[in-house]
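Report on one structure; see the data block that follows.
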Amino acid sequence: MFSEYQHLIDLNDYPVSWWKKVVELGEEIYKSPEQFSHACDGKIMATLFYEPSTRTQMSFQTAMIRLGGQIIGFDNPANSSVAKGETIKDTTKIVSNYADVLVIRHPIAGAAKAASLTSDCSVINAGDGGHLHPTQTLTDLLTLKIEKKTLSGLTIGMCGDLLNGRTVHSLCKALSMFPDNKFVFISTNELGMPAYIKDIIKANGSCYKEVNTIEEAIGSLDVLYMTRIQQERFASEDEYLAQKNTYVLDRKKMLGARKDMIVMHPLPRVDEITVDVDDDERAMYFKQAKYGMFVRMALIMTILKEKKSSETLKGKVFSGVKCSNPKCITNHETYLPKSFRSSGDETLLECEYCDERKLI
């Protein structure tokens, strides 16, 4: 299935050269933002945020305003026709008539992919459940480019909820494409990195190891990427409370880190980084949020400028097969074609919306 519009659903749909181009443009905008103040005059961006957001939503909106464009949309589905039962297909079909680019944040994996199938403008994935968050990855790449001066040869520690953390999923997939990067996963057994992400890392020639504490990893890291334990991704409060406060970065732990290690976090922070770390010159999470505005300016410009079609679904529909992930959009909006990628013998299928694997 093809779309006449260019979308950003998964960063890995594009070659590394494209990522670099967007990041380099973001750095250029960061250095001279005034030169781009009319780049999107007359353009309209729609933001459809089905779940709460502060940084992603506001940075997208500010990015478009700083480029000279305008914004429409909603930040609470209860204030839209979604509350009346309207499907993603109908919402995006209507709203895309009014806009040049559509930015969607949704709690269900694969929702942005679903929106791209019928949208009449370009779609940008601003986070789909615990699945992917490609524009946060671009933010992270720009942060590393500016603060570490490189995207290669880094040892990156990722700590916290790695099972549900869409930011770390996207970043692992991206950084494994650059040479000589190594990963250290710091999590409990219950919240470990999904197998499909580890398989991608190995397939790209990178390596990883898994540990249970910050202390045993921090001294070897160039980057420590902290994440919160996400209460909204747990089935019950008891499950959440069993994991809460497992990983807390404080000043004492920072004493064991290299002088040039940087601390990143997609935010919001709850209690996984104590406030006494904020004044450490290695704490980059507030700068990181600001860099996100510049790279999203670059992304909007790139998406609107490049008028080439996107292949939205590359797999095929297998009769009678449905995704086994209850959090997949195809199990919530059942009209969607249930498309799967397959291995050579078609015994292992991978859902094209949420990447869940299924043996048949």
Residue match in the stretch 282-289 (condition: open to solvent by 40 Å² or more (accessible area, probe 1.4 Å), over 30 Å from E147 (Cα atoms) and under 20 Å from the mean Cα position of the chain (by Cα)): no
Verdict on L299 being of a type outside the set (D, E, K, R) and either over 30 Å from E272 (Cβ atoms) or open to solvent by 50 Å² or more (accessible area, probe 1.4 Å) (or both): no
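Each row is one residue, and each column tells you yes or no for (1) over 24 Å from A63 (Cα atoms); (2) of a type in the set (K, R).
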| residue | (1), (2) |
| --- | --- |
| L141 | no, no |
| K145 | no, yes |
| T155 | yes, no |
| G160 | yes, no |
| N164 | yes, no |
| H169 | yes, no |
| A174 | no, no |
| F178 | yes, no |
| N181 | yes, no |
Residue list for the stretch 182-200, restricted to those being in a loop (DSSP other than H, G, I, E, B) and within 18 Å of H131 (Cα to Cα): S187, G192, M193, P194
Residue match in the stretch 245-260 (condition: in contact (Cβ under 8 Å) with a residue 24 or more places away in the chain and at positive phi): yes
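Residue by residue, here is whether (1) out of contact with any Leu (no Cβ under 6 Å at 6 or more places or on another chain); (2) assigned to a strand (DSSP E or B) holds:
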{"residue": "T92", "(1), (2)": "yes, no"}
{"residue": "V103", "(1), (2)": "yes, yes"}
{"residue": "A114", "(1), (2)": "no, no"}
{"residue": "L117", "(1), (2)": "yes, no"}
{"residue": "A126", "(1), (2)": "yes, yes"}
{"residue": "T135", "(1), (2)": "yes, no"}
{"residue": "T139", "(1), (2)": "yes, no"}
{"residue": "I146", "(1), (2)": "yes, no"}
T137 being open to solvent by 10 Å² or more (accessible area, probe 1.4 Å) and within 20 Å of Y285 (Cβ to Cβ): no
Residue satisfying all of: in the stretch 24-75; open to solvent by less than 70 Å² (accessible area, probe 1.4 Å) and of a type in the set (D, E); farthest from the chain's Cα centre (by Cα) among these: E27
S319 open to solvent by 10 Å² or more (accessible area, probe 1.4 Å), in contact (Cβ under 8 Å) with a residue 24 or more places away in the chain, in a loop (DSSP other than H, G, I, E, B) and farther than 29 Å from A46 by Cα: no
Positions within the stretch 201-216 being outside any helix (DSSP H, G or I), open to solvent by 20 Å² or more (accessible area, probe 1.4 Å) and under 26 Å from P15 (Cβ atoms), in sequence order: N204, G205, C207, Y208
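The values are calculated or read from the model by the stated rules, or taken from the named source; none is laboratory data. From a predicted model like this one, the values you see are computed outputs, not experimental measurements. Note that each Cβ is placed from the backbone with ideal geometry, even for glycine, and that neighbours are counted across all protein chains shown. Only protein heavy atoms, including side chains, enter the accessible area calculation; ligands, DNA and RNA are left aside. Shrake-Rupley method; radii C 1.70, N 1.55, O 1.52, S 1.80 Å.
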